[in-house]
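The values are calculated or read from the model by the stated rules, or taken from the named source; none is laboratory data. Quick caveat, the model's predicted, so the values are computed rather than measured. Here the Cβ is made from the backbone with ideal geometry for all residues, glycine too, and neighbour counts use every protein chain on show. Side chains included, ligands, DNA and RNA excluded: accessible areas come from the protein's heavy atoms. Shrake-Rupley method; radii C 1.70, N 1.55, O 1.52, S 1.80 Å.
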Amino acid sequence: MKWKVLNIVILSAFMSIAIAPAHAAKKTTEGFLSDLSIGLGYDSNVYLTPKTSYVDLGQAGNPLVTPNVQSGLYIPLALKAGYVTTSGITSKYKFDGDFYMNSALSNANTYDHNVTLGKNITFDSGSELYIGLLAGYHKKIYYDRDTGEAKLSRRSGTNISNRYTHFDFGGEAIFRKQINDVKYELNSRLTTLKYNDPIVIAPLDHNLLELGVNARFPVFSQTTKLKLGYDFTARDYANRRARDASGTQRRANSLLTYFYHDLNAQLSWKVSNNLKAFLDVQHVYRIDNFVNYNNYTKDKVKFRLRYNVSPDAFLRAKVSYSHRKYPNAFAFDNPVAAKKKYDTLTASLKAEYRISSLGAPALWGKASYLKQDSSDLRYVYNHMTVAAGGRWEY
C-alpha cells in the first residue's frame, strides 16, 4: 500500500511538470510553479535505535534490552506546487517523504502532505499582511525503537502503531512592516491536530496555538544584521493525561497542557559576495501545566555557512549543539533513575549544482550526522545519512 502511494505521488509530480511550461513565463507575477526533488540515500540507523544494551527501568521487571541497529537505502522525495494570482491569492501544495527500499524497514516510511490557501495584502504604508488557511496529512508509524517492529500496548499487546498518523487544519496570519532599517514581523497560527485513535490508549489530539514576534536590523554596517525574536506556543491535549510528580499518568490527573517560551537571536554576516555566515542561539522554557513534572529548559546554538561557488553552484554547512534538562522528570519516568536530560550534536553538509545548459535542473548531494546522549538510555544513539539526487523547477 505504501508503494502504491509512492507511485501515485511520482505520477502526480510528473503530470505537474508536464503542464508547467504553459505557465512558466508568468511565474514571477502569476501562474503555476512546481519543484520536484528525488534521490537515493543511505541511513545508518533507520529507527534511531540505542547503540548499546541497557536495563529498561520503564518496563516491569527491568529487563535487559539488546537493541538491533538497522541500516538501509531510502528514497527521499519532495514536491512543491503552487499557483499565484495577480490579486495576491496563493495556493500551495507541499509533499515530503522518505521511503525505504527494504520491506523490513517499511515501518520507517514517512510522508507529509501540506496545503495552504491565502491572500497577500499590501497597504499604502508599505506593510504587508498574509492571511491563510492550512491543512495537512502526516503519515508516521509508531514503532519499537529497539526492533523496528510495530509498537504494541504493554498492557494488552494491541497494535497501536497508528498513533502518530494525523490530520491538521487551521489558519495563520503574518504581518510585516519596515521602519527605517528595521524589519518587524508578527505571526500567529491556530491549528487543530486530529490523530488516529489507537483505542487502548489515549489519542494525541490537541489544539496548537503559536504566536511570534521578531525584528531584524543592521549592526555596525548593512553587511551584518541581528534578528531578535520571541515565540509562544501552547499545546492543549483533548484526551492525554499529564504525569504526576512520580512520573505516572493517572486518570485522575488533569489533561495535559504544555506552554513554551522561546527566546531566539540570529546574527548574519555577509563576509563577501559569495560567502554568508549565520549564528543562531535559542533558549526555550517549557511548562507542564499540571504539577510541572515535564518542565524543561533547552539551550541551543547553531552555526551555518553558505558559499556560492558560482552562479550555478553552492555549498552549505551546518553544525549545532543543544542541551535539554528536566528539573523534575526522571529518566524512564521512574523515580529510581537519574533526572532526565539530553545532549544533541548535529552536523550537515549540502552541495547543489544547477545545469543551466539543460534548462536549469540541479544535482544535489547531502550528508548529515547526529549524536545524542541522554540519562534515559533508550535515547542514546548515533545517526548518519548520505543522499544524492536531482531537482527540477518549473
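Report the accessible area of Trp392, computed with a 1.4 Å probe over the heavy atoms of all protein chains in place, in Å² rounded to the nearest 10.
Answer for Trp392: close to 90 Å² accessible.
If you roll a 1.4 Å probe over the heavy atoms of the protein chains, what accessible area per residue do you get for region 210-352, in Å²?
On a per-residue basis, 55 Å².
Output needed: percent of Cα pairs per 10 Å distance bin for the chain, bins running from 0 to the one holding the longest distance.
4, 16, 28, 31, 15, 5, 0
Can you give the local net charge around Pro203? Use residues other than it whose beta-carbon is closer than 11 angstrom to its beta-carbon, Lys and Arg +1, Asp and Glu -1. It would help to have the intermediate numbers written out before the result.
Working: positive: Arg163, Lys194, Arg240; negative: Asp197, Asp205.
Within the 11 Å Cβ shell, the charges total +1.
With the radius of gyration and the Kirkwood radius both derived from the Cα set of region 312-394, what is their ratio Rg to Rh?
Radius of gyration relative to Kirkwood radius: 1.26.
Aspartates and glutamates near Lys177 by alpha-carbon distance under 19 Å, same-chain residues fewer than 8 away left out - which ones?
Partners within reach: Asp124, Glu128, Glu185, Asp231.
Give the carbon-plus-sulfur fraction of the accessible surface of region 35-150 in %, rounded to a whole number; probe 1.4 Å, heavy atoms of protein chains only.
Taking all protein chains in place, region 35-150 shows 57 percent carbon and sulfur surface.
When the helices in the chain are scored as -39500 (n - 2.57) per DSSP H run of 4 or longer and the sum is shared across all residues, what 222 nm value do you end up with, to the nearest 500 deg cm²/dmol? Show your work: numbers first, answer last.
Details: 2 runs with 22 residues, N = 394.
Here the helix-only value at 222 nm equals -1500 deg cm²/dmol.
On average, how much area does the Cα convex hull of region 24-148 cover when viewed from any direction, in nm²? Show your work: numbers first, answer last.
On the way: hull surface 47.8 nm².
Averaged projected area of region 24-148's Cα convex hull equals 12.0 nm².
Need the C-alpha centroid separation for region 332-363 versus region 197-270, integer Å.
Rounded to whole Å, the Cα centres lie 20 Å apart.
Rounded to the nearest angstrom and ordered from largest down, what semi-axes does the equivalent ellipsoid of region 86-180 get from its C-alpha gyration tensor (root of 5λ)?
After diagonalising the Cα gyration tensor, the semi-axes are 42, 14, 11 Å.
Let me cross-check Ile199: its accessible surface, 1.4 Å probe, with only protein heavy atoms counted, in Å² to the nearest 10?
Surface open to solvent at Ile199 totals about 130 Å².
Note down the accessible area of Lys366, probe 1.4 Å, to the nearest 10 Å².
Probe radius 1.4 Å; accessible area of Lys366 about 90 Å².
Pick from Leu267, Leu358, Leu193 the residue whose mean-square fluctuation is largest in a GNM of the chain, springs joining Cα atoms under 10 Å.
Ranking Leu267, Leu358, Leu193 by mean-square fluctuation puts Leu358 first.
Starting at 0 and stepping by 10 Å, how many percent of the alpha carbon pairs of region 159-316 end up in each bin?
Percent of pairs per bin, in order: 9, 25, 28, 20, 13, 4, 0.
What FRET efficiency comes out for Ser357 versus Ala317 if R0 is 41 angstrom and r is the Cβ-Cβ distance? Round to the nearest 0.05.
0.90
Mind pulling the angle between the C-alpha long axis of helix 2-19 and the longest principal axis of the chain? Nearest 10 degrees, somewhere in 0 to 90.
The two axes meet at around 10 degrees.
Please give the per residue accessible area of region 93-164, computed with a probe of 1.4 Å over protein heavy atoms only, in Å². Could you put the intermediate results ahead of the total?
Details: 3910 Å² over 72 residues.
Value for region 93-164: 54 Å² per residue.
Using the structure shown, list the pairs from Lys276/Lys341; Lys270/Lys302; Lys80/Lys270; Lys302/Lys350; Lys94/Lys270 with a Cα-Cα distance above 22 Å, or answer none.
Lys276/Lys341; Lys80/Lys270; Lys94/Lys270
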